[in-house]
1. Return the long-range amide H neighbours of V69 (sequence gap of 5 or more, or a different chain), with a cut-off of under 5 Å between placed amide H atoms.
2. Hey, in the GNM for the chain with a 10 angstrom Cα cutoff, which one of D262, D225, D298 fluctuates hardest?
3. When the Kirkwood radius is taken over all Cα pairs of the stretch 138-194, what Stokes-Einstein diffusion coefficient follows at 25 °C and 0.890 mPa s, in µm²/s?
4. Amide H of N87: which non-local residues (sequence gap of 5 or more, or other chain) have their own amide H closer than 5 Å, using H built in the peptide plane?
5. What is the distance, in nm, between label points placed 7 Å from the Cα along the Cα-to-Cβ direction at A57 and at H164?
6. Pick out which of R86, R203, R34 has the largest mean-square fluctuation in a Gaussian network model of the chain, springs linking Cα atoms closer than 10 Å.
7. Through the Karplus equation 6.51 cos²θ - 1.76 cosθ + 1.60, θ set to phi - 60°, convert the phi angles of the stretch 110-117 into ³J(HN,Hα) values in whole Hz; use x for Gly and Pro.
8. Given all pairs of different Cα atoms, what value in angstroms does the Kirkwood hydrodynamic radius of the stretch 128-268 take?
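The values are calculated or read from the model by the stated rules, or taken from the named source; none is laboratory data. Note that the coordinates shown come from a computational prediction; the quantities given were computed from them, not determined experimentally. FYI the Cβ positions are ideal-geometry reconstructions off the backbone, even for glycines, and counts take in every protein chain you see. Side chains are part of the model used for accessible areas, which takes the heavy atoms of the whole protein and leaves out ligands, DNA and RNA. Shrake-Rupley method; radii C 1.70, N 1.55, O 1.52, S 1.80 Å.
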Amino acid sequence: MSRYYTGPVSDHFDGERFFDRDGVTPKGRSDLLRWLMERNFRGSKAKWPVWAPSPHADRPPRRVDGAAVRIVYVGHASWLIQTAGRNILLDPVWSERASPVRFAGPKRVNDPGIAFADLPPIDAVLVSHAHYDHLDVATLSQLAAAHRPRVITPLGNDTIMRNHDAGIAAEAYDWHQRAELGGGVNVTLVPTRHWSARSLSDRNKALWASFVIDTPGGRVYFVADSGYGDGRHFRATRERYGPLRLAILPIGAYEPRWMMRDQHMNPAEAVQAFDDCGAELGLAHHFGTFQLTDEPIDAPPRALADALAGAGISAERFRTLRPGQVWDL
């Protein structure tokens with residue numbers, strides 16, 4: 001597999017692959033085999049409904065001006081943020097499957113909360129890492145053809161995008177680098193506890209990141225995928241980039257814990273991360289659209305409600321939405 005990125009060695013790049021010096025090595029093929037055997041012989045995988053539609057669907061305005069921030073949950077880890085006259089998509093996936101092929105792999109159980117044809121003019125797209133449920137080249141190609149947005153992504157992911165479609169206007173950045181989006185909006189890539197791959201042979205050849213989005217209405221911290229670890233990345237983001245008005249945090253795809261702990265938080269850990277990062281408000285995501293792991297479809301929001309109650313945090317401060325629901329910050 002040719003390299004996605006060539007650059008100087010750093011504290012998180014060894015000249016060929018990226019790494020998190022505060023993280024752990026991703027699980028290997030033997031762990032994947034053990035997980036598949038547990039699913040087949042112990043029946044550990046919960047059965048999701050074939051279709052679980054959201055009662056909501058949004059038709060966004062063309063623009064939202066000033067310091068107002070309008071946020072729409074598209075589904076899974078996809079969002080639309082409208083503020084300061086800018087329209088920004090986060091990890092957009094409109095494809096039917098989160099997979100390298102169209103005939104197999106995790107299949108969505110609800111439609112995107114915004115029909116593609118109803119999108120407003122898209123100025124920028126943020127893509128956090130290379131996994132198929134976050135970097136969807138088919139959707140990025142559609143966006144490039146219809147909107148020609150800038151695509152902000154960590155190092156190496158730009159190569160993946162351009163290898164698929166040279167028309168995708170990808171710009172690659174390292175951790176702690178910032179991109180100006182105009183209108184007083186900018187985005188900074190920050191470390192997160194995860195990894196990347198598109199196949200069995202390209203593990204960690206592209207970087208992964210979370211985003212801190214500066215808007216006139218406050219800073220939004222978008223964490224697409226992350227393990228919790230000891231929480232240091234969340235505390236470091238608070239110390240370096242706080243105060244944060246809103247944190248968008250993942251709560252799903254976490255079972256079995258022995259397999260997922262280092263890459264996906266569970267709801268209780270998401271509540272701890274919410275406290276660590278010091279955000280005023282929280283929104284949950286990464287659940288209820290693609291079955292990636294073993295927990296039931298309704299387990300993440302129920303477990304989040306229990307964890308919030310146990311921590312004494314109001315459910316109004318850290319909310320779950322359904323695809324198509326709108327939240328005004």
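1. Those qualifying (amide H under 5 Å, at least 5 residues apart or on another chain) are L329.
2. Of D262, D225, D298, the Gaussian network model singles out D298 as fluctuating most.
3. Numbers: Rh = 12.2 Å.
In µm²/s, the coefficient is 202.
4. D123, A124
5. Roughly 2.5 nm, to one decimal.
6. Judging by the Gaussian network model, the answer is R34.
7. 8, 6, x, x, 10, 5, 4, 5
8. On the way: mean 1/r = 0.0630 Å⁻¹.
Taking the inverse mean of 1/r over all distinct Cα pairs, the stretch 128-268 comes out at 15.9 Å.
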